[in-house]
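Working notes, beginning with the structure itself.
The values are calculated or read from the model by the stated rules, or taken from the named source; none is laboratory data. Small disclaimer: the values here were computed from a predicted structure and weren't measured. FYI the Cβ positions are ideal-geometry reconstructions off the backbone, even for glycines, and counts take in every protein chain you see.
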Amino acid sequence: MKSIKRRTFIKSAILGSITSIFSSNTLAKMSTPQEVEGPFYPITPQKDKDADLTKVKGKNGSAKGEIIEIFGQVLDQNLNPIEDVTIDLWQANSFGKYHHPHDTSHAPIDEHFQSWAILQSGKQGKFRFKTVMPGAYPLNRSDKRTPHIHFKIGKLGYISLLTQLYFPDHPLNNKDGLFKSKTTQEQTLMTAKKTNKHNEYQYNIILEKV
């Protein structure tokens, strides 16, 4: 009985936070929007793929930049948690540089930044990782992409998801072509929520069943 009440409470809490933004009709159709993979999906092998991207095993020191933590849940469209989901994530370092041979920008490489990770959602579909605020990387001489984190998410029985996490109120959001191409509802689903804790963000992911 207690476990049933707990599940009901957790679902109500999630539902309350989301229905404050969306109508019930919209809620029944929601899933995290798809986004392009981008040119820098990790291809460089690395042994260290854990949830702390601010350190690299075997090296002394920490990644440069603003340390942040991101947590959330993977949910279905009825807001039920999904466990054992594979979460593949990658991002630029704090200087806006990807650890990828095709990133030819002059931004510095951070040898203490892990750059990508592979996680599994746990009980109640929860996940958490520690990283740095990604820098804006240059598209050309005048334009930059707003800070974001890439996600590639898979689970048998659900449609695979490629998406990007954005950060609230960043000044480059309204100048970013990909972000601007989304509807207001899509932008909301793709934008992390700042919590009351210092440098902590919440980001829930909603998957659609096959």
* Asked: In this structure, is I153 part of a strand (DSSP E or B) and closer than 13 Å to P33 by Cβ?
  -> yes
* **Among the candidates T146, T131, residue that is surrounded by 15 or more Cβ atoms within 10 Å (Cβ to Cβ), at pLDDT 95 or above and in contact with a helix residue (DSSP H, G or I) (Cβ under 8 Å, 6 or more places away or on another chain)** => T146
* Asked: Listed residues D88, D110; which is out of contact with any strand residue (DSSP E or B) (no Cβ under 6 Å at 6 or more places or on another chain) and at pLDDT 95 or above?
  -> D110
* Close pairs from the stretch 171-184: first under 14 Å from Q34 (Cα atoms) and touching a residue at least 60 places away in the same chain (Cβ under 8 Å), partner among the hydrophobic types (A, V, I, L, M, F, W, C) and surrounded by 11 or more Cβ atoms within 10 Å (Cβ to Cβ), Cβ under 6 Å, at least 6 apart -> none
* To do: Would you please list the contacts, defined by Cβ atoms under 7 Å and residues six or more apart or on different chains, that run from a residue in the stretch 41-61 that is on the phi > 0 side of the Ramachandran plot to a residue that is in a loop (DSSP other than H, G, I, E, B) and aromatic (F, W, Y)?
  => none
* If you take the residues in the stretch 86-105 that are touching a residue at least 60 places away in the same chain (Cβ under 8 Å) and within 14 Å of the chain's Cα centre (by Cα), which one is farthest from L119 (Cα to Cα)? -> W90
* Asked: Does the stretch 27-65 hold any residues that are under 18 Å from A117 (Cβ atoms) and within 17 Å of the chain's Cα centre (by Cα), and which are they?
  -> E37, G38, F40, Y41, P42, K49, D50, A51, D52, L53, T54
